[in-house]
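Working notes, beginning with the structure itself.
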Amino acid sequence: MTIRLHAKGLTKTFTLHTQGGIVLPVFDNIDLTVSPGECVCLHGPSGAGKSTLLRSLYANYKPDEGQILVEHMGEPLDLLAAEPWEVVEIRRSTIGYVSQFLRVIPRIGARDVVAEPAIANGMPADEAVAKAQELLSRLRIPERLWSLAPATFSGGEQQRVNIARGFIVDYPVLLLDEPTASLDAANRATVVDLINEAKSRGGAIVGIFHDEEVREAVADRLFAIGNQPAAMAVPAAAVAEVCS
Amino acid sequence: MTTNAIRKLTPKPPLLEVSGLCKSYGGQIGCRDVSFAIRPGEVLGIVGESGSGKSTLLACLSGRLAPDAGTISYDMKDRGPVDILTLSEPERRRLARTDWGIVHQNPRDGLRLDVSAGGNIGERPMAIGARHYGNIRAEAQDWLQKVEIDLARTDHRPRTFSGGMQQRLQIARNLVTRPRLVFMDEPTGGLDVSVQARLLDLLRGLVRELGIAVIIVTHDLAVVRLLADRLMVMQRGRVIEQGLTDQVLDDPHHPYTQLLVSSVLQV
């Protein structure tokens with residue numbers, strides 16, 4: 001069996017120097033492998049470290065120990081040992097990440113926000129814009145909003161723009177942090193379709209899905225996280241502050 | 001994927017390579033033992049509070065200040081890597097106005113206030129040999145459009161421009177010769193928030209479109225998040241933390257970086 005993403009011995013603690021040097025252990029010695037076409041759901045109670053693990057897999061957080069091996073252009077690379085410019089390259093073409101909230105770029109319209117990662121990855125601009133429009137239509141963003149900057153959009157609309165942005169490149173590895181959290185049933189179904197399409201073209205997916213229906217529809221297996229008493233004992237507010 | 005032979009990507013040769021840079025003012029430390037490399041097309045942010053040494057570092061890098069120790073190697077177009085500290089003054093000036101750009105915090109330091117907007121942009125092309133008036137004017141107007149300045153203002157002096165317009169003109173003046181490396185010192189400092197957003201969006205677009213490498217010094221973390229791939233955090237003249245921008249901002253390890261990030265007010 002081939003493996004697209006392999007996290008080995010990942011350990012992560014936060015040390016809060018501004019709050020008396022409190023050390024918060026989040027997870028310890030995690031091993032996770034994901035194959036092409038497979039969707040793994042991170043599962044555990046709130047505050048267990050699911051988002052922290054997902055962000056670590058994107059090199060947004062830096063684990064203390066371990067390796068994150070990804071297949072980039074057919075070669076295995078360790079994301080944790082990679083130089084910043086290497087991470088930028090790997091993110092451009094190999095690993096996509098859909099966060100819970102859209103980071104709005106001032107003055108840039110929704111269509112261009114969505115098309116941007118595809119253009120950065122070498123797709124001709126007109127093709128990228130056409131694909132952006134197709135995704136925005138599928139996610140029911142009305143055409144009159146496409147040229148507007150998403151800063152004024154509702155929470156659900158911003159999330160759908162964010163999803164379109166995450167799915168415009170056919171990333172071999174895709175990380176999804178609660179992609180359906182504030183969506184209605186019809187848009188949830190569209191996101192399920194997008195995830196299943198990504199799987200069928202061989203994408204390896206790791207996600208957090210609180211919605212049971214969505215989880216049933218996309219996840220091939222659950223990966224339990226948060227069994228450590230130390231991590232469980234951390235007040236959710238402290239973790240939320242660190243993770244925000 | 002077999003995981004027994006982990007590879008590294010082949011890096012592009014660095015455009016600028018700095019090693020062991022030190023500068024002090026009498027007993028006062030400016031910057032101490034700074035080493036890093038920047039590759040073509042990379043955007044590097046340098047953050048830190050006032051007095052952390054970031055502007056001193058930028059002044060040394062761009063040849064405006066002589067460091068006490070260290071080397072600054074720049075990959076010159078026709079000569080390959082050269083220690084810029086060994087260049088003669090005319091050579092350094094020529095480099096600074098062709099292959100480099102320097103955007104000052106105060107546009108009045110980077111513009112000629114008594115020369116028209118078009119003339120400000122035309123100066124660099126003329127300095128490297130452009131002579132055809134029509135071509136120079138056309139190129140200047142092309143750049144005025146790129147930085148969203150009304151063409152009706154081509155012959156006006158920048159003295160009559162708003163701060164935001166002056167800053168955009170300064171950027172056009174620097175980018176017209178397609179430099180490979182641009183130094184920016186607080187380019188959005190002193191501007192209104194709405195003017196800042198426009199400038200940032202413009203810079204972001206131009207930097208990506210032209211693939212220029214940028215070293216940007218700022219105390220505004222939102223600016224580096226939007227523009228920089230990589231971040232160096234300075235405190236008391238030293239680089240105390242560096243890495244991928246979003247990693248340093250979202251998962252800061254050094255106590256000072258944590259303080260810096262946690263001090264930003266949420267809007």
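Assorted remarks:
- Qualifying residue in the stretch A:217-233 (condition: modelled with pLDDT of 90 or more, open to solvent by 40 Å² or more (accessible area, probe 1.4 Å) and among the charged types (D, E, K, R)): yes
- Within the stretch A:137-156, the set of residues being assigned to a helix (DSSP H, G or I) and open to solvent by 40 Å² or more (accessible area, probe 1.4 Å) comprises A:SER137, A:ARG138, A:GLU143, A:ARG144, A:ALA151, A:THR152, A:GLY155.
Conditions (1) β-branched (Val, Ile, Thr); (2) under 29 Å from B:ALA117 (Cβ atoms), marked per residue:
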| residue | (1), (2) |
| --- | --- |
| B:LEU181 | no, yes |
| B:PRO187 | no, yes |
| B:VAL195 | yes, yes |
| B:ARG208 | no, yes |
| B:LEU226 | no, yes |
| B:ARG236 | no, no |
| B:GLN242 | no, no |
| B:ASP246 | no, no |
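Quick grid of which residues meet (1) more than 10 Å from every other protein chain (Cβ to nearest Cβ); (2) among the β-branched types (Val, Ile, Thr); (3) open to solvent by less than 30 Å² (accessible area, probe 1.4 Å); (4) under 17 Å from A:VAL173 (Cα atoms):
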| residue | (1), (2), (3), (4) |
| --- | --- |
| A:PRO36 | no, no, no, yes |
| A:HIS43 | yes, no, no, no |
| A:ALA48 | yes, no, yes, no |
| A:TYR58 | no, no, no, yes |
| A:GLY66 | yes, no, no, no |
| A:GLU71 | no, no, no, yes |
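- Flag for B:LEU231 being buried (at least 22 other Cβ atoms within 10 Å of the Cβ) and either aromatic (Phe, Trp, Tyr) or within 9 Å of chain A (Cβ to nearest Cβ) (or both): yes
- Evaluation of B:ILE240 against (1) surrounded by fewer than 20 Cβ atoms within 10 Å (Cβ to Cβ); (2) touching a strand residue (DSSP E or B) at 6+ places or on another chain (Cβ under 7 Å); (3) more than 17 Å from B:GLU49 (Cα to Cα); (4) of a type in the set (A, V, I, L, M) (one fails), failing number: (3)
- For the stretch A:3-24, the criterion of a residue being part of a strand (DSSP E or B), without any contact (Cβ under 8 Å) to a residue 40 or more places away in the chain and more than 9 Å from chain B (Cβ to nearest Cβ) is satisfied by at least one position.
- Candidates B:THR188, B:THR218 - the one that is within 24 Å of B:GLY53 (Cβ to Cβ), within 12 Å of chain A (Cβ to nearest Cβ) and not charged (D, E, K, R): B:THR188
- Positions within the stretch B:187-197 being open to solvent by less than 80 Å² (accessible area, probe 1.4 Å) and either of a type in the set (Gly, Ala, Ser) or touching a Gly at 6+ places or on another chain (Cβ under 9 Å) (or both), in sequence order: B:GLY189, B:LEU191, B:VAL195, B:GLN196, B:ALA197
- Every pair of residues 6+ apart whose Cβ atoms lie under 7 Å, when the first sits in the stretch B:127-139 and is closer than 16 Å to B:SER116 by Cβ while the second is part of a loop (DSSP other than H, G, I, E, B): B:ILE136/B:ALA130; B:GLU139/B:VAL176
- Residues of the stretch B:1-41 satisfying the condition of being part of a strand (DSSP E or B), crowded, with 18+ Cβ neighbours inside 10 Å and more than 10 Å from chain A (Cβ to nearest Cβ): B:LEU16, B:GLU17, B:VAL18, B:LEU21, B:LYS23, B:GLY30, B:CYS31, B:ARG32, B:VAL34, B:PHE36
- Within the stretch A:99-112, being modelled with pLDDT under 95 and not charged (D, E, K, R) holds for A:SER99, A:GLN100, A:PHE101, A:LEU102, A:VAL104, A:ILE105, A:PRO106, A:ILE108, A:GLY109.
- Residue match in the stretch A:125-135 (condition: of a type outside the set (Val, Ile, Thr), assigned to a loop (DSSP other than H, G, I, E, B) and either more than 11 Å from chain B (Cβ to nearest Cβ) or farther than 26 Å from A:PRO172 by Cβ (or both)): no
- So A:GLU134, is it open to solvent by 20 Å² or more (accessible area, probe 1.4 Å) and either among the acidic types (Asp, Glu) or touching a Cys at 6+ places or on another chain (Cβ under 9 Å) (or both): yes
The values are calculated or read from the model by the stated rules, or taken from the named source; none is laboratory data. Being a predicted model, the structure only gives us computed values, none of them experimental. Ideal geometry is used to build each Cβ from the backbone, glycine not excepted, and the neighbour counts take in all protein chains shown. In case anyone asks, the SASA skips ligands and DNA or RNA and just uses the protein heavy atoms, side chains included. Shrake-Rupley method; radii C 1.70, N 1.55, O 1.52, S 1.80 Å.
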